[in-house]
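The values are calculated or read from the model by the stated rules, or taken from the named source; none is laboratory data. In this text, all values refer to a predicted model and were calculated from it rather than measured experimentally. So basically every Cβ, Gly included, is an ideal-geometry build from the backbone, and we count neighbours across all protein chains shown. Heads up: the accessible areas ignore ligands, DNA and RNA and are worked out on the full protein's heavy atoms, side chains in. Shrake-Rupley method; radii C 1.70, N 1.55, O 1.52, S 1.80 Å.
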Amino acid sequence: MIIKDVLCPFCGCLCDDLAVEVENNKVVDVKHACKIGASKIMGHDRIKAPMMRDDKNGEFREVSYDEAINESAKILANSKRPLLYGWASGVCEMMKKGVLLNEEVGGIIDNTASVCHGPSALGVHEKGLPTGTLGQFANRSDLVVFWGCNPVQAHPRHMSRYSVFNKGFFTAKGRKSRKVVVFDVRKTDTAEMADEYVQVNPGEDYLVISALRAVVADKADVVPDSVGGVPKEKLVELGEAMKGAKYGMVYFGMGLTQSRGKYKNIDNAVSLITELNAHGKHSILPMRGHYNVTGFGQVCAWETGFANAVDMSRGIPYYNPGETCSNDLLMREEIDAAMVIAGDAGAHFPAQSIARMGKVPVIQVDPFHNPTTEMANIVIPTKVSGVELEGTAYRMDAVSLRMRKLVDVDFPSDEEVLDKIIAKIREIKGASS
Amino acid sequence: MSEMRIKNATVYDPINGINGDLMDIAVKDGKIVDSVGGSAQTIDAGGRLVYPGGVDAHTHIAGSKVNVGRIMRPDDSRLNNKPRTKVTRPRTGYTVPNVYSMGYGYAEMGYTTAFEAAVPILKARHTHEELEEIPILDKAGLTLFGSNWMVMDAIREDDLDRLAAYVAWGLLASRGWGIKIVNPGGGEAWGFGKNVSGLDDPVPNFEVTPRQIVRQLAEANEKLNLPHSIHLHCNNLGKPGNYETTLATFDVCKDIKSKRDRQSLHVTHVQFNAWGGNHWGDIESKSEPIADYLNKNDFLTIDMGQLVFGSATTMTADGPVQYANARLLKARWSNGDVELEDSSGVTPLEYHPQSYIHGIMWAIGLELALLTKDPWKVLMTTDHPNGGPYVNYPMVMTMLMSKKRREKEMEKIAELTFDRTSIAGIDRELDWYDIAIKTRAAHAKVQGIIELGKGHLGVGADADIAIYDIKPDETDATVEFDKVEAAFRHAAYTIKGGEIVVKDGEITATPKGRTYWVKATAPADGHERMMEDLKMKFKKYYSVNMANYMVQDEYVEHPYVFETGYQ
Amino acid sequence: MQTVTLVPKEQFKISVEAETITPDNFAGKSADEIGAVVAYEGNAPRPLSELFEISVDGSADAADDVKIEINGNVNRVKRIGEAMTAGLIMINGDVDMRCGAKMKGGTITIKGNADSWVGQEMTGGEINVQGDASYYVGAGYRGEACGMRGGKITVFGNANDFVGEHMCGGEIVIKGNAGIMPGVSNKGGKIVIGGDTDMPGSEMTKGTIIVKGKVKDMMPVYQKEGIESVDGEEFTKYVGDVVVDGVGELFVK
């Protein structure tokens, strides 16, 4: 049986044109997806049953779901500063339960954006975000800038579906309808195929962006001969090209969010785009990583008013990245219990954070073994969202779509597990609030 | 089976012509009935003011734009914070409340129904995700059609049946209630950073004019016999001198007739479109010609878009205006182009009484309401959160009821305002009946939901009832405006579908409301032509497959489907 | 004069939120009453008597006559002195984030180091950090137009990034080095940096920044004016940030 119009549960492209062949309740083939997307849908070894261990260096013993859930509830209910982290590989329906769980336990809920595009949100608080849906860019942009991102590697179908190769209403010539420019500290695969590659000195993107803003504002005379490793003539040329674009696009990634200045790079880039809108039409878009990391930001924002890093210890949502993000807290050794769900702290956190997690009870809710499993005390396997479970996800441009269920499995969903943990915590804490 | 009786209610129910009668209201199974038995739960209103539950025909409460506002504004989310209670979730936000606060805030004021004013079809799923989370209220969304490629292509090819078929399909795809048009054609021009300058300025690359868009969508609206009329945000909003565009736009629909007992055109937040002068220096109020037009014509209705001093977060589908505001004020700016469909922009700003421009805007909203003789023609709104947050409705109500209250506000407003407006000289003070019209009855009539049991307290209506701590006969609203405002701010009782949800201004229950949407049938051949065009657009231009595009049943958990058909 | 002495009973790991430790809140209270005041350790409310040894000497009617001495490391106690209007807080140790946030008046002296956001959104009063400060000295809250509006913060050691971010008024003196982007998005106020810094005054529209040490990277958006003397010292004066039509003054050695 071939299931069409399947959405890929891997990256922020959220490609929705996949065709998946299912035989005897098993995925046997995936068409149209990129390699990494196909691999996720094809599936691989998974955690077979819930397991627990007191000693993180010891062996896991298999337990029932009830036992794992009840123990998890006890740990979280008795914590003073629990962290609920991950979320980005799940569907929105379970994220709402996460927000509720965080309320129950008075802890911090945070998602993978903390180590990824969290700075982009901070940039948005400063300046906003002039953007649109991917189809708008696909149909219109004649100048495409990739800044500090490498879609050839990280978002393999982005360029053919949305940004560079597709033929749109106003971009009927496909690749020839656009000029592609890459700003990066090294010549990436994306830079290799661009029309122009601009090398920026590591950590100096902020200066280059400011210089471009000066060019756009007709104040190039104060710009020195070279900024961030880019000669002034080149900056003037690029600034003028951007000004002359009919629809200029900037896609950006970790090269900006994680280099010196972090969120300031984003807020500066947003200002550049805003100022360019006085000349032509321009938009900017963060290249979100996980397929539903955007979804967490949306859910958390409508539920609490803030997109991530929400601290509920005082009974009202408090948000302050630098103070309430996962790594802020872990590196200060504040967290006394952690749940990692639909995310992989073990793979992405700095060593100091991992060291702290090594000292406190860690509950992992995930279908798969990953580095987080190494530091977990309780492991609760669940359905693979988007393959074994349907639900809502938000693409990198914040368009919400519904993931399909392709096969049936006998695992609970993340949402079911969260519901049970919440119920148990309420029991433990009594009926009062 | 649950029965309730409210006795000694001083009822204002304009749809049924009840003007301050002391009476009892009987409720059974969530509806108003003739009478109930002796064992019914009894509330003694003690002669206090009773209105049908409030209805807000135009507000921005759910979806992409609202969430953009939240994400952009931690500075807003840190305001109005309340911890959870046994019954409520934590609350945050003033201009962009979180979903829980959004519902509780309305219910606390005695409101029970609200219309999300602008839903982009591609992002309608998001709107419904948020609507589902908003507690208590019954709600609906108005779907954006005014800059849509399918719409413009059908209009250019003069194919009204195809246009109507697309509207029907679009309402289904978005689970929408009616046709919303924002800056017709401008959303497409904004796709390349341009705008349309007026009704007859053709949309670049599409060769249709805003006039044609408005006219044909109005015709399609009536062909489909939709419950609501087209709902229109005019071109040139926010530009000095725009009142001429507004009056010309009214004329476009002058001869459109509806089979339903309602207007053929609803123009929204007209305050922002009633400006005279040529630039910011000589801007003045043109509420008089607008009110004059309303006094002479019965085919249209408007809502105020009243300005409230203080913080606001502007959010509309009028991309060009939002950018212009942001540039002018050097404010934060989020833009949201929606492929093939429309645009949007979100910009936070502050309204200052010492700015004469803001003073003029403040005056215009009130003038529109007070100079238009028939209270049914001008709904009270603030275009939340554009003019100001909805929690300020009680204050606006008192300004309509009391000249003294207006004068008190005027004391802090820049003097120049009064050379450019007529508000200072207006003596009219609306009474309890007028306010009931402007905050529930007219909203329900305009939206076509009276027959659904909304906006009134007649037998068969939904038991959505608000009891306020005011004895109308003993209260002089023209002087006791602080008391009146406080009473409207915290209802003594809000009853939703027969259940008490607010008591003494506190939330007591949080049932989930319904989502109203329209399922319209279009003629088969028009539908066929439409689908051909639509499939082509999905194949070539949309970034989403058609099979994944439409809002699925899962997103509307408590639907009320209104069926209607092609005439 | 009422002197309240607090000695932490333990080295807190999980941060304690103690916005209730202010002269305003302690004025006229006995040791028992102060002991009953609640602070939060994570999500757990704890009376101050559980967290500190408390002694009270003398009495006061109002905050301006109150002195609070904290003897010991409170590097995990946040929000001390929040919104205080008068009086004195002396911290003989390190202090955690948001110390003196929204301060209106009075004085806070920190003998050790201060964590991030010391003096956040301050409108008046004085904060002295004898050790080092961390990020966001005298800065604002996410999304707010203004951070510090008035008062004075002096850091005798070094400070980290974003000193005086979104400053609208007041004065910040960093005797040592500052991290990147001091004075970013300033609309007023004065920042003096005794040591080195990097990318000062980005997007400044108004205000003054004086750097006595070295600037690693100058923002490429400043107009050089010439040599000018400030308090007897010679600097190169720049005006900008030109991109935002800024008239901020940047003095660099």
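Suppose we filter region B:83-101 for residues that are among the hydrophobic types (A, V, I, L, M, F, W, C) and over 20 Å from the mean Cα position of the chain (by Cα); how many remain?
Counting residues in region B:83-101 that are among the hydrophobic types (A, V, I, L, M, F, W, C) and over 20 Å from the mean Cα position of the chain (by Cα) gives 1.
Residue-wise test of (1) more than 26 Å from A:Tyr318 (Cβ to Cβ); (2) without any contact (Cβ under 8 Å) to a residue 40 or more places away in the chain; (3) within 14 Å of chain B (Cβ to nearest Cβ); (4) among the small types (Gly, Ala, Ser).
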| position | (1), (2), (3), (4) |
| --- | --- |
| C:Asp94 | no, yes, no, no |
| C:Met103 | no, no, no, no |
| C:Ile110 | no, yes, no, no |
| C:Ala133 | no, no, no, yes |
| C:Ile174 | yes, no, no, no |
| C:Gly188 | yes, yes, no, yes |
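Looking at the structure I just gave you, is C:Cys146 under 30 Å from A:Gly128 (Cα atoms) and within 14 Å of chain B (Cβ to nearest Cβ)?
Here the answer is yes, as C:Cys146 does meet what is asked.
Among the residues of region A:73-94, is there at least one that is on the phi > 0 side of the Ramachandran plot, in the same structural domain as A:Gln298 (by TED's automatic domain parsing) and of a type in the set (Gly, Ala, Ser)?
yes
Tell me which of these A:Ala241 doesn't satisfy, since it passes every other one: (1) among the aliphatic types (A, V, I, L, M); (2) open to solvent by 30 Å² or more (accessible area, probe 1.4 Å); (3) assigned by TED's automatic domain parsing to the domain that holds A:Met396.
Only one criterion is unmet by A:Ala241, namely (3).
Starting from region B:527-540, keep only residues that are part of a helix (DSSP H, G or I), then list their pairs with residues that are open to solvent by 70 Å² or more (accessible area, probe 1.4 Å) and of a type outside the set (A, V, I, L, M) whose Cβ atoms are within a distance under 8 Å, requiring at least 6 positions of separation or different chains.
B:Lys540/A:Lys167; B:Lys540/A:Phe169
For residues in region B:418-470 being open to solvent by 40 Å² or more (accessible area, probe 1.4 Å) and in contact with a strand residue (DSSP E or B) (Cβ under 6 Å, 6 or more places away or on another chain), which is nearest to B:Asp282 (Cα to Cα)?
By that ranking, first place goes to B:Arg420.
In region A:160-192, what count of residues is obtained for those that are in a helix (DSSP H, G or I), open to solvent by less than 50 Å² (accessible area, probe 1.4 Å) and over 24 Å from B:Glu188 (Cα atoms)?
So the answer is 2.
Of the conditions (1) within 14 Å of chain A (Cβ to nearest Cβ); (2) among the hydrophobic types (A, V, I, L, M, F, W, C); (3) outside any helix (DSSP H, G or I), C:Val192 clears all except one; give me its number.
Exception for C:Val192: condition (1).
Cβ-Cβ below 6 Å, separation at least six or inter-chain, first residue in region C:228-253 and touching a residue at least 60 places away in the same chain (Cβ under 8 Å), second open to solvent by 50 Å² or more (accessible area, probe 1.4 Å) and part of a strand (DSSP E or B): which pairs?
Listed pairs, sorted by first residue: C:Gly248/C:Lys206.
For region A:127-147, what are the residues that are outside any strand (DSSP E or B), open to solvent by 10 Å² or more (accessible area, probe 1.4 Å) and more than 7 Å from chain B (Cβ to nearest Cβ)?
Once the filter is applied, which keeps residues that are outside any strand (DSSP E or B), open to solvent by 10 Å² or more (accessible area, probe 1.4 Å) and more than 7 Å from chain B (Cβ to nearest Cβ), region A:127-147 yields only A:Asp142.
In this structure, is A:Val152 within 30 Å of A:Gly168 (Cα to Cα), within 12 Å of another protein chain (Cβ to nearest Cβ), in contact (Cβ under 8 Å) with a residue 24 or more places away in the chain and open to solvent by 10 Å² or more (accessible area, probe 1.4 Å)?
no
Quick check on B:His126: is it more than 13 Å from chain A (Cβ to nearest Cβ), open to solvent by less than 10 Å² (accessible area, probe 1.4 Å) and in contact with a Ser or Thr (Cβ under 6 Å, 6 or more places away or on another chain)?
So B:His126 fails the test.
Tell me, which residue of region B:51-94 that is open to solvent by less than 20 Å² (accessible area, probe 1.4 Å) and touching a Leu at 6+ places or on another chain (Cβ under 7 Å) is nearest to the other protein chains (Cβ to nearest Cβ)?
B:Gly93
Would you pick out the residues in region B:365-410 that are touching a helix residue (DSSP H, G or I) at 6+ places or on another chain (Cβ under 7 Å) and among the acidic types (Asp, Glu)?
B:Glu367, B:Glu409
Considering only residues that are within 11 Å of chain B (Cβ to nearest Cβ) and among the small types (Gly, Ala, Ser), which ones fall in region A:250-294?
Answer for region A:250-294, where residues must be within 11 Å of chain B (Cβ to nearest Cβ) and among the small types (Gly, Ala, Ser): A:Ser271, A:Ala278, A:Gly280, A:Ser283.
Name the residue that is farthest from B:Met397 (Cα to Cα), counting only residues in region B:1-42 that are over 31 Å from the mean Cα position of the chain (by Cα) and of a type in the set (Val, Ile, Thr).
The qualifying residue farthest from B:Met397 (Cα to Cα) is B:Val36.
Can you confirm whether region A:422-433 contains a residue that is closer than 30 Å to B:Arg84 by Cα, within 14 Å of chain B (Cβ to nearest Cβ), open to solvent by 10 Å² or more (accessible area, probe 1.4 Å) and of a type in the set (Ser, Thr, Tyr)?
Scanning region A:422-433, I find at least one residue that is closer than 30 Å to B:Arg84 by Cα, within 14 Å of chain B (Cβ to nearest Cβ), open to solvent by 10 Å² or more (accessible area, probe 1.4 Å) and of a type in the set (Ser, Thr, Tyr), so the answer is yes.
Got a number for residues in region C:1-28 being of a type in the set (Asp, Glu), open to solvent by 50 Å² or more (accessible area, probe 1.4 Å) and within 11 Å of chain A (Cβ to nearest Cβ)?
Total satisfying the criteria: 0.
Can you find even one residue in region B:128-148 that is more than 22 Å from B:Thr314 (Cα to Cα), outside any helix (DSSP H, G or I) and among the basic types (Lys, Arg)?
Looking for residues that are more than 22 Å from B:Thr314 (Cα to Cα), outside any helix (DSSP H, G or I) and among the basic types (Lys, Arg), one finds none in region B:128-148, hence no.
Restricting region B:262-290 to residues that are without any contact (Cβ under 8 Å) to a residue 40 or more places away in the chain and open to solvent by 50 Å² or more (accessible area, probe 1.4 Å), which is nearest to B:Asn386 (Cα to Cα)?
B:His279
Residue-by-condition table, conditions (1) in a strand (DSSP E or B); (2) farther than 21 Å from A:His125 by Cα; (3) of a type in the set (S, T, N, Q):
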position	(1), (2), (3)
B:Val321	no, no, no
B:Arg327	no, no, no
B:Pro348	yes, no, no
B:Trp362	no, yes, no
B:Lys373	no, yes, no
B:Thr382	no, yes, yes
B:Pro394	no, yes, no
B:Arg406	no, yes, no
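Taking B:Gly103 as the residue in question, decide whether it is touching a residue at least 60 places away in the same chain (Cβ under 8 Å) and within 26 Å of B:Asp553 (Cβ to Cβ).
Against the criterion (touching a residue at least 60 places away in the same chain (Cβ under 8 Å) and within 26 Å of B:Asp553 (Cβ to Cβ)), B:Gly103 qualifies.
Checking the condition out of contact with any helix residue (DSSP H, G or I) (no Cβ under 7 Å at 6 or more places or on another chain) and outside the structural domain of B:Asp138 (by TED's automatic domain parsing), which residue from B:Ala520, B:Ala487, B:Ala491 passes?
B:Ala487 is the lone residue from the list that is out of contact with any helix residue (DSSP H, G or I) (no Cβ under 7 Å at 6 or more places or on another chain) and outside the structural domain of B:Asp138 (by TED's automatic domain parsing).
If you take the residues in region B:518-550 that are in contact with a strand residue (DSSP E or B) (Cβ under 9 Å, 6 or more places away or on another chain) and open to solvent by less than 40 Å² (accessible area, probe 1.4 Å), which one is nearest to A:Arg140 (Cα to Cα)?
Of everything passing the filter in region B:518-550, B:Val544 is nearest to A:Arg140 (Cα to Cα).
Does B:Tyr293 satisfy the condition of being assigned to a helix (DSSP H, G or I), surrounded by fewer than 19 Cβ atoms within 10 Å (Cβ to Cβ) and at negative phi?
Criteria met by B:Tyr293.
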